[in-house]
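Heads up: the structure comes next, in structure tokens.
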Amino acid sequence: MPTYTPKRSEITREWHVIDAEGAILGRLATEVATLLRGKHKPTFAPHMDTGDFVIVVNAQALAISARKGHDKLYHRHSGYPGGIRTETLEHLLARDPERVVRLAVKRMLPKGPLGRKMLKKLKIHPGPTHPHAAQQPKARALPARSLARPSA
């Protein structure tokens, strides 16, 4: 069976808007990564970028537990000896909510040039508005399992 490779004319790109308010970070990232890769399409090919554009709004309103906010750490290194910087999830979410979502999605995409190309189709906005109305994006609801349970 030969490898299926979609032709350029068969690849269609749509725009999706996902509201991250009250969403669980990992489950949101899984849905976004699936759309970016194109795994929801019948023309999916693992060696090609067949995915759609995704706009994530309300990135600052993610649902994270108090324990995860305090215990989950993000590390980065300046390149100098002793230059490691560590930051908690709650601090990074308050400072730069776009980075939290981008890192979660990036780690679910293929590594290398193909993954970097897919990540460029992700647009993240901390608030409820976005400047991509001209692309006529379709609202895409997250599955119920991706939303945090209301605390009763």
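Quick look at the numbers
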| read-out | value |
| --- | --- |
| Answer residue from segment 50-59, given it is outside any strand (DSSP E or B), closer than 26 Å to residue 97 by Cβ and of a type outside the set (Gly, Ala, Ser) and is most open to solvent (accessible area, probe 1.4 Å) among those | 58 |
| Close pairs from segment 54-68: first within 22 Å of residue 15 (Cα to Cα), partner open to solvent by 30 Å² or more (accessible area, probe 1.4 Å) and among the aliphatic types (A, V, I, L, M), Cβ under 9 Å, at least 6 apart | 60/94; 62/24; 62/148 |
| Identity of the residue in segment 1-36, in contact with a Phe, Trp or Tyr (Cβ under 8 Å, 6 or more places away or on another chain) and not in a strand (DSSP E or B), that ends up surrounded by the most Cβ atoms within 10 Å (Cβ to Cβ) | 14 |
| Residues within segment 1-38 that are free of Cβ contacts under 8 Å to residues at least 12 places away in the same chain and either at positive phi or not β-branched (Val, Ile, Thr) (or both), tallied | 5 |
| In segment 108-139, the residues that are touching a residue at least 60 places away in the same chain (Cβ under 8 Å) and open to solvent by 90 Å² or more (accessible area, probe 1.4 Å) | 117, 128, 129, 136, 138, 139 |
| Residue match in segment 130-141 (condition: under 21 Å from residue 30 (Cα atoms) and among the basic types (Lys, Arg)) | yes |
| Selection within segment 92-102 - surrounded by fewer than 15 Cβ atoms within 10 Å (Cβ to Cβ) and either aliphatic (A, V, I, L, M) or in contact (Cβ under 8 Å) with a residue 40 or more places away in the chain (or both) | 94 |
| Test result for residue 39, open to solvent by 90 Å² or more (accessible area, probe 1.4 Å), under 18 Å from residue 114 (Cα atoms), in contact with a helix residue (DSSP H, G or I) (Cβ under 9 Å, 6 or more places away or on another chain) and not in a strand (DSSP E or B) | yes |
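The values are calculated or read from the model by the stated rules, or taken from the named source; none is laboratory data. What you are looking at is a predicted structure, and each value in this text was computed from that prediction instead of being measured. Here Cβ is always computed from backbone atoms with ideal geometry, including for glycine, and neighbour counts include all displayed protein chains. Just so you know, the surface numbers come from the protein's heavy atoms only, side chains and all, with ligands and any DNA or RNA stripped out. Shrake-Rupley method; radii C 1.70, N 1.55, O 1.52, S 1.80 Å.
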